Amino acid sequence: MDCPVCHGTCITDATDLLLSVPSIFAPCPRCRTTVLDKERPPPSRPPKEPCSCGRRYIDEVFLDLYRVFRDEGTFTGKEPLRAVGSPLLHPGFPMKGPPFIGERRMVLLSRDVNQEAAIRAIDEIPEIKGVVKTGPFVPGLGPGGRPVTYRLLSGCDVRADLFFSTAGPVAVYKQQSRLHIEFPRTRHEKGERLLSQLSTGRYRSIADLCSGAGTLGLIATRTGVRHAILNDAWYAAAFWSGLNMEINQAFFATDPVKVLFSYEDLKKRNASEGSVKVAESNGSQKIEVWMGDYSTLAREGHAPAGCLGILDLFDKCDMQKIRLFEGEWKRLTGGEVFIP
């Protein structure tokens, strides 16, 4: 499957990706572990080379990154090792111990990295897939609907997380500079609360109203609901929700999922223009993905009667706004709103 960022082979079907777990970050018998103190500057020795199996302990990868940061003036050599940034593995999933990382299996998020260091990290450190400069905000639609994103400095920052639930696993791909971080845990608490709600059997259809990359909607669709709708006002969230429905298609009773917009074409749209369908599929289960404001989905007639609206907002403080929406959703669809 063509990656919309690097046009390489970053993306595979969920079933293929799941086959790599858990051995993808496990050491071989020849791998060696050297634990470094993350709260202090690292030793001045050169980083160890990858094992003959192609993997290297994560601390050695960070030592290599520290070397590049120091050479390029990002660090003075007095910073602790942890200051390098946040490692996001591809794929991410719950692990019992620190990982041994293979080629192009880590995206680095860092507030301090500069362009030169980012380019060298890709060129010189085989484990690094992409380098992203972060900021003090969550990527997406900021105040006043203004887009705010991190900056991809080098490589490709498309990666997947694997989420496991009692309904079955799902793979969730995203471009990490455009979407918030989700940390897969052994138990996906929001997903399990949603599954408990769906276990009553009252709902034939669901709408994940602020879907992000689609995690909750995908988990809900795995239960076999007849009609699943994913919706988000942020173009990147809507696109990856649609692509993730296609990636996880083997778990659904649908025809092939059709993604109707390219990443770049969807980026040019504005949610204020009204909702637009991003992806769809029919079959025993019907799937739709929309880009638009969640408050208008039912108003525009896209939500079926009796639909369960799943509302997982970042900001849940404005309860008056949420209650008004709940009333309108019930009036227009006859369904309920569930806040996980």
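Residue by residue, what Karplus-based ³J(HN,Hα) values in Hz, rounded to whole numbers, does segment 151-163 have, using 6.51, -1.76 and 1.60 with θ = phi - 60° and x for Gly and Pro?
Values, residue by residue: 10, 6, 8, 7, x, 10, 10, 7, 8, 10, 10, 10, 10 Hz.
Going highest first, how would you order 132-145, 270-283 by mean Cβ packing within 10 Å?
In decreasing order of mean packing, 132-145, 270-283 become 270-283, 132-145.
How high is the relative contact order of segment 14-159, in percent, with contacts defined as C-alpha pairs under 8 Å that are six or more residues apart?
Reported as a whole number, the value is 20 percent.
On a C-alpha basis, how far is the centre of segment 96-112 from the centre of segment 175-195 in Å? Whole number, if you could?
So the separation of the two Cα centres works out to 18 Å.
For Gly92, list long-range residues whose amide hydrogen, built 1.01 Å from N in the peptide plane, is under 5 Å from its own amide hydrogen.
Ala160, Asp161, Leu162
What spacing in nm lies between the two simple spin-label points modelled at Arg82 and Cys6, each 7 Å away from Cα in the Cβ direction?
2.9
Along segment 228-234, what does the Karplus equation 6.51 cos²θ - 1.76 cosθ + 1.60 (θ = phi - 60°) give for ³J(HN,Hα), rounded to whole Hz, x for Gly and Pro?
Rounded to whole hertz, the list is 10, 10, 10, 9, 7, 7, 8.
If you take the charge dipole of the chain about its Cα centre, with +1 on Lys and Arg Cβ and -1 on Asp and Glu Cβ, which of Val225, Thr254, Cys3 is farthest toward its positive end?
With unit charges placed on the Cβ atoms, the residue in question is Val225.
Amide H to amide H under 5 Å from Phe75: which residues, 5+ apart in sequence or cross-chain, H placed 1.01 Å off N in plane?
Long-range HN contacts for Phe75: Arg70.
Can you pull the one-decimal nm distance between simple spin-label points at Leu19 and Ser196, each 7 Å off the Cα toward Cβ?
About 3.7 nm separates the two model spin labels.
Modelled label-to-label distance, Ser52 and Arg151, 7 Å Cα→beta-carbon offset: nm?
4.4
Calculated from the structure, Rg and Dmax of the Cα atoms in Å equals which of (1) 20.2, 67; (2) 22.5, 74; (3) 21.2, 67?
(3)
With θ set to phi - 60° and the Karplus curve 6.51 cos²θ - 1.76 cosθ + 1.60, what are the ³J(HN,Hα) couplings of segment 28-36 in order, to the nearest whole Hz, using x for Gly and Pro?
For segment 28-36, the Karplus curve yields 8, x, 8, 5, 10, 9, 10, 7, 10 Hz.
Once amide H atoms are built 1.01 Å from N in the peptide plane, which residues 5 or more positions from Ile11, or in another chain, come under 5 Å H to H?
The list, which skips near neighbours in sequence, is Cys3.
Calculate, for His180 and Ile339, the FRET efficiency according to 1/(1 + (r/R0)^6) with r their C-beta to C-beta distance and R0 25 Å; round to the nearest 0.05.
Once the sixth-power term is evaluated, E becomes 0.90.
Taken together, the values in this text are just the output of simple stated rules run on the coordinates, not laboratory data. On a predicted model such as this, the values are computed, not experimentally measured, just so you know. Glycine gets a Cβ as well: all are built from the backbone with ideal geometry, and neighbour counts include every protein chain shown.
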